[in-house]
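The values are calculated or read from the model by the stated rules, or taken from the named source; none is laboratory data. Quick caveat, the model's predicted, so the values are computed rather than measured. Don't worry about glycine lacking a Cβ; one is built from the backbone with ideal geometry, like all the others, and counts go over all protein chains shown.
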Amino acid sequence: MSTLKTATKPAPDAAGNTGGRVLRYVDALKEAVEQEMERDDKVFVMGLDVDDHKALQGSTRGLLQKFGPDRIFTTPLAEDAMTGAAIGAAMAGLRPIHVHIRMDFLMLSMNQLINMAAKAHYMYGGNIKVPLVVRSIIGKSWGQGPQHSQGLYSTFMHFPGLKVVAPSNAHDAKGCMLSAIRDDNPVMFVEHRLLYPTEAYVPEEQFELPPGKSRVVMPGDDVTLVGISNMLVECLRGRELLADAGVSAEIIDPIWLSPLDTDTIVKSVKKTRRLIVVDNGWTMCGAGAEIAARVAEALGPEGKFQVERMGFAPTICPTSPSIEDQFYPNPARIAQAAHKMVRPKAGEWTPDPERAVLAYQRQFRGPF
Amino acid sequence: MSTLKTATKPAPDAAGNTGGRVLRYVDALKEAVEQEMERDDKVFVMGLDVDDHKALQGSTRGLLQKFGPDRIFTTPLAEDAMTGAAIGAAMAGLRPIHVHIRMDFLMLSMNQLINMAAKAHYMYGGNIKVPLVVRSIIGKSWGQGPQHSQGLYSTFMHFPGLKVVAPSNAHDAKGCMLSAIRDDNPVMFVEHRLLYPTEAYVPEEQFELPPGKSRVVMPGDDVTLVGISNMLVECLRGRELLADAGVSAEIIDPIWLSPLDTDTIVKSVKKTRRLIVVDNGWTMCGAGAEIAARVAEALGPEGKFQVERMGFAPTICPTSPSIEDQFYPNPARIAQAAHKMVRPKAGEWTPDPERAVLAYQRQFRGPF
Amino acid sequence: MPEADTQTIRRVYASLRLIRRFEEEVARIYPEDKIKSPVHLSIGQESVAVGVCDALNKDDLAGGTYRGHATYIAKGGDINGLMAELYGKDTGCTRGKGGSMHLCDIQNNVVGSSAVVGTTVPIALGYALALKREGKGRVIASFMGDGATEEGVFHESLNFAALKRLPVVFVLENNFFAIHTPIARRQAVPDAICERVQTYGIPAYRVTDADVFKIRNIMMDALPKMRRGEYGPIFIECHTYRWREHVGPANDYDSGYRSTDDLKPWVDNDQIPRVAAMLDPDERAAIDAQVEKDVAAAIAFAEKSPFPAAKELYTHVYA
Amino acid sequence: MPEADTQTIRRVYASLRLIRRFEEEVARIYPEDKIKSPVHLSIGQESVAVGVCDALNKDDLAGGTYRGHATYIAKGGDINGLMAELYGKDTGCTRGKGGSMHLCDIQNNVVGSSAVVGTTVPIALGYALALKREGKGRVIASFMGDGATEEGVFHESLNFAALKRLPVVFVLENNFFAIHTPIARRQAVPDAICERVQTYGIPAYRVTDADVFKIRNIMMDALPKMRRGEYGPIFIECHTYRWREHVGPANDYDSGYRSTDDLKPWVDNDQIPRVAAMLDPDERAAIDAQVEKDVAAAIAFAEKSPFPAAKELYTHVYA
Ligand SMILES: Cc1ncc(C[n+]2csc(CCOP(=O)(O)OP(=O)(O)O)c2C)c(N)n1
Ligand SMILES: Cc1ncc(C[n+]2csc(CCOP(=O)(O)OP(=O)(O)O)c2C)c(N)n1
Ligand SMILES: [Mg+2]
Ligand SMILES: [Mg+2]
């Protein structure tokens, strides 16, 4: 995997500080797990192919050598039982990190995740905890097709008892992973394949980025753009395109999707009166619907505002690039939607197509 | 199961007509399946315990005697494979109805439903169809507890390729079931246990109630109440309570949740400028979020409106009745929320507690 | 015979008797609508839980299914907490939140049960991973019904347990029915479960007469080897019979799916009178009296306990 | 030997050769970035698909996995449609929507494959239910990898197929690896799969040398019994070897998880030269020439075909 410089500036931590070294998302993930495995020997990693030479697209590189096969091991193909085993280990006081190379495979784990992990602490009267992290990767591009491309975090957001996080940059990947591992609840940790090579400044030391606060990544006045997972990156580029047209967009990264801080978003929309949520998934009953509904609940009585949701096209993800391209939001489409909302009477506006393409998209090649 | 008269008036069909006999929800379901099995020998029923003497809470009563064990049969406990088998049978041209006594168990079927059934027609380039009906029942009351009470339709609404329907009365149960069986796509048919004994006028002859149109069940001017599945019944009672206080509520039944007609709802909210959606499930990324978001998208630019979502408490469903009671919306709470929205300055208002209790709730006794 | 010393016979009898009487009382109280939970009674099946759990140490773990009163009691779970749970009270073992199908008593090493068939089988793998890592030779017994053996997760779990040599005792309570459907209508070869399990390299035992001491002896034989660490899981299939209806307190021999003739051999072979007969009558009477006292105390405890306060709806969603 | 008549040898050779050459061409073209889909090549594994599918009638069904080119071609799927699919073209067998992992050709009775391991195994049960109901003696062959046998759904499927005596041929392409993880690290007893299957009452066969005629003969023996209706499923485990990397066109013997020594016996035992040697050289040359022509035509077809139009994104979501 080549080093792509798509993160143009350091991502601030929760307190707004930047610092540390430039690190790729994939390495930040691994560093967080490695540091936490060093600190707490209850932490271990399991999942299909986490210990082979490809190291799950590099995200578990070196952990086997450092911690040995008791603390990082592959499993049989048996997502249902392996999820149960991870839950049981967590109930017994260990801190498992269960990894899936594609989020789509979590459909095999739903019974354990929804009927057991999400409910155990409550249904056992507070007597049992499930400090579990489930890592999964959203695939995109290059023929991933219908069953290797789904962003399913909205499905998990629906269920009390689970937490959900989808960091958009290397800095947050590290901080959120640390918080996820230390959390006493099951956390669905959602990664995006295309983010792996993106870089940001990441502190060397351990730091936590717990749920609670969405981040205003870039300020703006005309429209609020909320981007989830890699869509945050696409919104940032969309903002640059919009700037060309004199439109000022405020960009918000929710970071944690459950629990979800919408106060930050509501505050922004109170200023801009315009909201576009860009989902990395289908919009129907998606995170964007939740955000739009909360903003409507909060703002409705006060006066009008405009909202639009973007996300996967309401179809299945096709394999052929000629149509797959149109399945996803992209910076140009985000910018166009925002432009139209801000300047409804301005007519069709097309951003510079060259500037609209993200390096991480252009440079990604299969297989997988 | 005793005959409870909670349906105070005939439910109109899509065209607004009433007619037929008074029938219980459970019998209307069965009648639809029976008539369609007679008409089309490709239709068959499979699922755990569909053919035992309890006949899945009566909903498959008599089908074995009439159609024999090739067309209605129980299965091993193997939800994943049985869902695959149902999908395969549908792909081969049969029209299976796969039944689950609790919606919660669908978590074991997710991989087949989401990764195969929802996607097959598309990913196989239109060459394969999946005319499958998946019936499942939402449990409530009397100690169903965390794993026997989930209303999971929002989860299925998220996925293109699936259709979702949750009829609220016997009339619609029949019409929707007929449409579902005749549909060439996988349909998640969502029933509510407490609705089984409720009655409505149901035509004897076959009739279809396809997706496309939400129904205005009762007119009103001050607030729009959208109720899903049995929550429609609770909204109707809520409306009566509100009438005591001089508040006029318009009641809308979406009937089909995917595809979802929100035009009818938008039209109503344009009139009332107030919307409460009452979900039979959690609100986060729920059907209510989708409806609220769509209304906000449609109404936002035009001026302000108010919206509120109700649904399961953001907890796990407890078993003890003392707290289970508070887990669900009910007519009193719905009416109070609406009252507060319509008359924000009127202060606390409490509807007549006796009139607030629904017969179907009072009379339901376990086990299951 | 005697397959066990007097001490053991006494303990086993007390446990069998306690479970039976506890559940008979539950069935008696049930129509009064004080019990706020569906109940899946183990009446008739007690010897499986007792045979297995009596062989376990106090610090070993065990967990059952939604038909889990027997496992809970046999493993030493607190019966006041159990009865209060059935009543939906705040003092219940899961504070009224889980009800009968979600029992646990972590103090007494009873791990959580579940209403979804088969779900706790892989959970036991995770506990066993932790026990193995701990290295103190503790084991976990994981109970399941015959229906669970049809679920794919059962097979996935066997493979993983064998692959990782985990200290799990898989206990199959084979009562030949899943709700009302006999095993022969659900399984292609209903009597080959042990043979199938053996193909994973897991020692499998079948006890067809519900003999509580036979079951216990299998455990006593296997446990030292399991505790030594590298032996891996074992599997015990115990034939047994559910005397009452699937869920609820009543009999259902009039509903057509089975008959009292099917029941009779199991009543004749009831382990409670059998083990009782091994005891000195005075001793037996003393145990019986203690059991009555304990069950009555549990009922009294449950009755006088408060329901959960309204705020409890919102506690324990997150840890 | 000859285990088959000349006609059969000719057909089998043509099929083996076509699959091999088709995939070699895919591998050759691949670096040009014209192929818009990850490819899981069957190179080296062809004899399983050919041995099974050559025994099937045209109106029997077959379906494979994401490593499914061999099954698709062996069952008579249209190779123009296949190549166009890999190119992401509108003329592809799934119109560019599914790509390499979701092949189907319903006209030629190739049912859909899937990228999620194990998912098509239960789907075959449903097809088989329909075939059984139809009563014409048709069967379905369902291919899977060794990884799939660890998934619970495999076991659930075996039980149901046996219970309902469904006309399914379960075909295991055991290449000893799931991605880079050898079967011994995933299965407690890797060589007991057939024994496990037999506990469901399903006849199970193991072919350890990938002999295409042995595989075919097992099919030829079993099929008449299966077609008679009441025989139920069979299971064939075929040992084989994946020559190339898990996904993509290259070799990966330098990556450490296996060596060329492991490969060697399989190359020595390659069925293509073996079956070629049974043919008259002229005949063989004629077949080879035809194969080259057909593959070249498929490439030309794919290259000149258009990509799906933008509106295709929205077609076929619902039927
Ligand atoms: C996964 C799942 N499927 C179906 C059900 C409905 N159900 C409840 S109990 C039961 C029978 C289980 O039988 P078995 O495992 O033999 O246990 P037993 O009741 O005989 O003790 C079924 C099918 C369920 N609870 N979970
Ligand atoms: C359910 C599921 N889990 C994991 C994966 C990731 N994965 C893709 S191929 C593969 C290996 C499958 O091995 P096998 O079934 O032996 O087939 P082979 O590739 O050897 O032909 C895995 C684990 C998947 N696609 N589906
Ligand atoms: Mg049973
Ligand atoms: Mg393999």
Could you grab me the full set of residues in the stretch D:10-49 that are within 13 Å of the chain's Cα centre (by Cα) and of a type in the set (Gly, Ala, Ser)? D:15, D:42, D:44, D:47, D:49
Please tell me if residue A:159 is of a type in the set (A, V, I, L, M, F, W, C), part of a loop (DSSP other than H, G, I, E, B) and surrounded by 24 or more Cβ atoms within 10 Å (Cβ to Cβ). yes
From the options C:154, C:177, C:160, residue that is surrounded by fewer than 24 Cβ atoms within 10 Å (Cβ to Cβ) and away from ligand 4 (no atom under 16 Å from the Cβ): C:177
Mind checking which residues of the stretch D:238-258 are in contact with a Phe, Trp or Tyr (Cβ under 6 Å, 6 or more places away or on another chain) and either at pLDDT below 95 or more than 24 Å from residue D:172 (Cβ to Cβ) (or both)? D:249
Go through the stretch D:37-48 and report how many residues are crowded, with 24+ Cβ neighbours inside 10 Å and either closer than 19 Å to residue D:286 by Cα or in contact with a Leu (Cβ under 9 Å, 6 or more places away or on another chain) (or both). 5
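On the given criteria, is residue B:110 under 30 Å from residue D:91 (Cα atoms), away from ligand 4 (no atom under 16 Å from the Cβ), modelled with pLDDT of 95 or more and of a type in the set (A, V, I, L, M)?
On the way: under 30 Å from residue D:91 (Cα atoms): no; away from ligand 4 (no atom under 16 Å from the Cβ): yes; modelled with pLDDT of 95 or more: yes; of a type in the set (A, V, I, L, M): yes.
When the stated conditions are applied, residue B:110 does not pass them.
When the residues of the stretch D:120-150 are filtered to those that are of a type in the set (D, E, K, R) and in contact with a helix residue (DSSP H, G or I) (Cβ under 7 Å, 6 or more places away or on another chain), which remaining residue is nearest to ligand 4 (Cβ to nearest atom)?
Here the answer is D:146.
Return the residues of the stretch B:52-84 that are assigned to a loop (DSSP other than H, G, I, E, B) and within 14 Å of chain D (Cβ to nearest Cβ); say none if nothing qualifies.
B:68, B:69, B:70, B:71, B:74, B:75, B:76, B:77, B:78
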Going by what's in this entry, would residue A:103 be described as crowded, with 24+ Cβ neighbours inside 10 Å, more than 16 Å from ligand 2 (Cβ to nearest atom) and not β-branched (Val, Ile, Thr)? no
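Output the residues belonging to the stretch C:55-66 that are buried (at least 24 other Cβ atoms within 10 Å of the Cβ) and not in a strand (DSSP E or B).
C:64, C:65, C:66
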Checking the condition surrounded by fewer than 16 Cβ atoms within 10 Å (Cβ to Cβ), among the small types (Gly, Ala, Ser) and within 14 Å of another protein chain (Cβ to nearest Cβ), which residue from D:248, D:256, D:201, D:232 passes? D:256
Note on the stretch C:112-139: residues in contact with a Gly (Cβ under 9 Å, 6 or more places away or on another chain), more than 16 Å from ligand 3 (Cβ to nearest atom), more than 7 Å from every other protein chain (Cβ to nearest Cβ) and assigned to a loop (DSSP other than H, G, I, E, B) are C:135, C:137
Restricting the search to the stretch A:246-267, which residues are within 19 Å of residue A:229 (Cβ to Cβ) and small (Gly, Ala, Ser)? A:249, A:258
What are the pairs with Cβ atoms under 7 angstrom where one residue, in the stretch A:210-232, is over 18 Å from residue A:154 (Cα atoms) and the other, located anywhere, is among the aromatic types (Phe, Trp, Tyr)? Sequence gap at least six, or different chains. none
Per the filter on the stretch C:150-209, residues within 16 Å of ligand 2 (Cβ to nearest atom) and either among the polar types (S, T, N, Q) or in a loop (DSSP other than H, G, I, E, B) (or both) are C:159
Answer yes or no: is there a residue in the stretch C:85-98 that is away from ligand 2 (no atom under 16 Å from the Cβ), outside any strand (DSSP E or B) and of a type in the set (Phe, Trp, Tyr). yes
If you go through A:234, A:308, the only one that is within 21 Å of residue A:341 (Cβ to Cβ), more than 13 Å from chain B (Cβ to nearest Cβ) and acidic (Asp, Glu) is A:234
Considering A:136, A:141, which residue is away from chain C (no Cβ under 14 Å), assigned to a strand (DSSP E or B) and of a type in the set (S, T, N, Q)? A:136
Expected single match for modelled with pLDDT under 95 and of a type outside the set (A, V, I, L, M) among B:88, B:139 is B:139
The number of residues in the stretch D:55-73 that are within 8 Å of the chain's Cα centre (by Cα), within 16 Å of ligand 4 (Cβ to nearest atom) and within 14 Å of another protein chain (Cβ to nearest Cβ) is 4
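For every residue, the table says whether it meets (1) in a strand (DSSP E or B); (2) within 14 Å of chain D (Cβ to nearest Cβ); (3) acidic (Asp, Glu); (4) surrounded by fewer than 24 Cβ atoms within 10 Å (Cβ to Cβ).
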| position | (1), (2), (3), (4) |
| --- | --- |
| A:265 | no, no, no, no |
| A:270 | no, no, no, yes |
| A:285 | no, no, no, no |
| A:293 | no, no, no, no |
| A:297 | no, no, yes, yes |
| A:317 | no, yes, no, no |
| A:322 | no, yes, no, yes |
| A:332 | no, no, no, yes |
